[in-house]
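Report on one structure; see the data block that follows.
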Amino acid sequence: MKRIDDDPRHGPPAVEVRGLVKHYGETKALDGVDLEVREGTVLGVLGPNGAGKTTLVRCLSTLVEPDAGTATVAGYDVLSQPRQLRRVIGLTGQYASVDEKLSGWENLYMIGRLLDLSRRDARRRADEMLERFSLTEAARRPAMQYSGGMRRRLDLAASMIGRPAVLYLDEPTTGLDPRTRNEVWDEVRSMTADGVTVLLTTQYMEEAEQLAHELTVIDRGRVIAGGRVDELKAKVGGRTLQLRPSDPAQLTAMAAAIAAAGLDGVVGARAVPEEGQLYVPILSDEQLTAVVGLLGAQGFSLAHIGTHLPSLDEVFLAITGEKSAHDRPGRHDAHEQYEEAAV
Ligand SMILES: Nc1ncnc2c1ncn2[C@@H]1O[C@H](COP(=O)(O)OP(=O)(O)OP(=O)(O)O)[C@@H](O)[C@H]1O
Ligand SMILES: [Mg+2]
């Protein structure tokens, strides 16, 4: 039987960050960040442009020194044990780090050599990773001829060469089309199935929902919410009850009946005639029963009843009071340029 101690979510944290601060002049890129990633799990760090995601990843990779606070990765301190720490991490940066002129194979071989693998081991590892990330056929082509998706896969392969215990993925699918995004997600899932701990930054709610066990939402260098994806959703918005009357003509009358009843905690109902549906925000099962009971008692007939949790976009809106990150203007994205270059 599986004991609770066997669950990685109850094990020691692979990444532990306390009060991390990094200022660039007046800009508080990180303004006292606390977070943990349990061994063998994926933590999604969700935040809009400029939230501090890349700065966090840089601090945790020893590329940038924090002004204050502590961070340990696999038990190693970022400030006092940078060399040991670098040996256990992998990093797929927001801006791809592959060498354009080298082939996929050469890129991976070179990284293996930089990581002190013997020639033979570096060769073998490069072959293995190309195979795993479905790049064997493109292995000898220069990386500049790769499509955006192939580049991302090469990036992931590169970060896995050294068999890291902890992997940072900084916006791994930004700028990719939905199909390629799905391919990258599959790769990330297979890496976590192998026991790798992942800290994933993203601006995509769906990505966090697909991959992350837990979520930390950051904005302007501060953690504004955190928890399991479903917990976070429930905490922010409760559920929405979806009702479809058997007779679409009754939609408005139904909405009015719910509003007039003044049920405890039920703030109102929104009729969407185009869908023939009524949406009612609810917080408990009792409210669900009360709404459905009320409609039945008043002689309305229902063709369909459903409930759904709010989307992460709605969660973000509720927490920050602003539109979700990818609706904000002004994003400069290196990966989009890659895709154009690859056509
Ligand atoms: N080297 C730097 N010098 C000065 N300011 C910086 C530097 N790096 C980051 N910043 C600033 O710190 C803040 C956080 O930037 P960071 O790159 O960490 O955000 P991010 O969450 O990764 O954003 P994005 O989603 O656009 O990648 C921003 O205001 C940014 O302009
Ligand atoms: Mg970034």
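The values are calculated or read from the model by the stated rules, or taken from the named source; none is laboratory data. Remember, it's a predicted structure, so these values are computed and weren't measured experimentally. Every residue, glycine as well, gets a Cβ built from its backbone with ideal geometry; the counts of neighbours run over all protein chains shown.
So, residue 134, is that one within 16 Å of ligand 1 (Cβ to nearest atom), in a loop (DSSP other than H, G, I, E, B) and not charged (D, E, K, R) or not? So that I can check it myself, show each step before the final result.
On the way: within 16 Å of ligand 1 (Cβ to nearest atom): no; in a loop (DSSP other than H, G, I, E, B): yes; not charged (D, E, K, R): yes.
Judged against the criteria, residue 134 is not a match.
If the Cβ limit is 7 Å and pairs must be 6+ apart or interchain, which residue in segment 12-25 that is more than 19 Å from residue 37 (Cβ to Cβ) and of a type outside the set (A, V, I, L, M) pairs with which residue that is within 16 Å of ligand 1 (Cβ to nearest atom) and modelled with pLDDT of 95 or more?
Correct list of pairs: 23/29; 23/67.
Could you figure out which of (1) surrounded by fewer than 15 Cβ atoms within 10 Å (Cβ to Cβ); (2) farther than 20 Å from residue 212 by Cβ isn't true of residue 72?
So residue 72 meets the others, but not (1).
Can you tell me which of 63, 56 is within 15 Å of ligand 1 (Cβ to nearest atom), at pLDDT 95 or above and assigned by TED's automatic domain parsing to the domain that holds residue 207? Write out each step before concluding.
On the way: 63 fails: at pLDDT 95 or above.
Matching residue, one of 63, 56: 56.
Let me confirm something: among 17, 37, which residue is away from ligand 2 (no atom under 16 Å from the Cβ), in a strand (DSSP E or B) and either in contact with a Cys (Cβ under 6 Å, 6 or more places away or on another chain) or within 24 Å of residue 190 (Cβ to Cβ) (or both)? If you could, list the steps in order and put the result at the bottom.
Details: 17 fails: either in contact with a Cys (Cβ under 6 Å, 6 or more places away or on another chain) or within 24 Å of residue 190 (Cβ to Cβ) (or both).
Just one listed residue meets the conditions, 37.
Do we have any residue at all in segment 203-214 that's among the small types (Gly, Ala, Ser), surrounded by 19 or more Cβ atoms within 10 Å (Cβ to Cβ) and closer than 30 Å to residue 53 by Cβ?
Here is the first cut: in segment 203-214, the residues among the small types (Gly, Ala, Ser) are 208, 212.
Filter again for surrounded by 19 or more Cβ atoms within 10 Å (Cβ to Cβ), leaving 208, 212.
Checking the rest, the ones that are also closer than 30 Å to residue 53 by Cβ come to 208, 212.
Yes, segment 203-214 contains at least one residue that is among the small types (Gly, Ala, Ser), surrounded by 19 or more Cβ atoms within 10 Å (Cβ to Cβ) and closer than 30 Å to residue 53 by Cβ.
Please go through segment 151-178 and pick out each residue that is in a helix (DSSP H, G or I), in contact (Cβ under 8 Å) with a residue 40 or more places away in the chain and more than 16 Å from ligand 1 (Cβ to nearest atom). Before you say what the answer is, go through the steps one by one.
Taking segment 151-178 first, the residues in a helix (DSSP H, G or I) are 151-160, 178.
Subset that is in contact (Cβ under 8 Å) with a residue 40 or more places away in the chain: 151-152, 154-160.
The answer is 151, 154, 156, 157, 158, 159, 160.
Would you check if residue 112 is surrounded by fewer than 21 Cβ atoms within 10 Å (Cβ to Cβ) and more than 16 Å from ligand 2 (Cβ to nearest atom)? Break it down stepwise before answering.
Numbers: surrounded by fewer than 21 Cβ atoms within 10 Å (Cβ to Cβ): no; more than 16 Å from ligand 2 (Cβ to nearest atom): yes.
Against the criterion (surrounded by fewer than 21 Cβ atoms within 10 Å (Cβ to Cβ) and more than 16 Å from ligand 2 (Cβ to nearest atom)), residue 112 does not qualify.
Quick check: anything in segment 31-48 at pLDDT 95 or above, surrounded by 14 or more Cβ atoms within 10 Å (Cβ to Cβ) and near ligand 1 (Cβ under 8 Å from one of its atoms)?
No: segment 31-48 contains no residue that is at pLDDT 95 or above, surrounded by 14 or more Cβ atoms within 10 Å (Cβ to Cβ) and near ligand 1 (Cβ under 8 Å from one of its atoms).
Considering only segment 187-205, I want to know if a residue exists there that is in the same structural domain as residue 34 (by TED's automatic domain parsing), within 16 Å of ligand 1 (Cβ to nearest atom) and under 30 Å from residue 305 (Cβ atoms).
Just the residues of segment 187-205 that are in the same structural domain as residue 34 (by TED's automatic domain parsing), to begin with: 187-205.
Imposing the further condition that a residue be within 16 Å of ligand 1 (Cβ to nearest atom) reduces the set to 199-205.
So of that shortlist, the ones also under 30 Å from residue 305 (Cβ atoms) come out as 205.
Checking segment 187-205: at least one residue is in the same structural domain as residue 34 (by TED's automatic domain parsing), within 16 Å of ligand 1 (Cβ to nearest atom) and under 30 Å from residue 305 (Cβ atoms).
For every residue, the table says whether it meets (1) modelled with pLDDT of 75 or more; (2) over 29 Å from residue 251 (Cβ atoms); (3) not hydroxyl-bearing (Ser, Thr, Tyr).
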residue	(1), (2), (3)
289	yes, no, no
293	yes, no, yes
298	yes, no, yes
304	yes, no, yes
310	no, no, yes
314	no, no, yes
317	no, no, yes
320	no, yes, no
325	no, yes, yes
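Could you grab me the full set of residues in segment 115-141 that are under 20 Å from residue 191 (Cβ atoms) and of a type in the set (S, T, N, Q)?
134, 136
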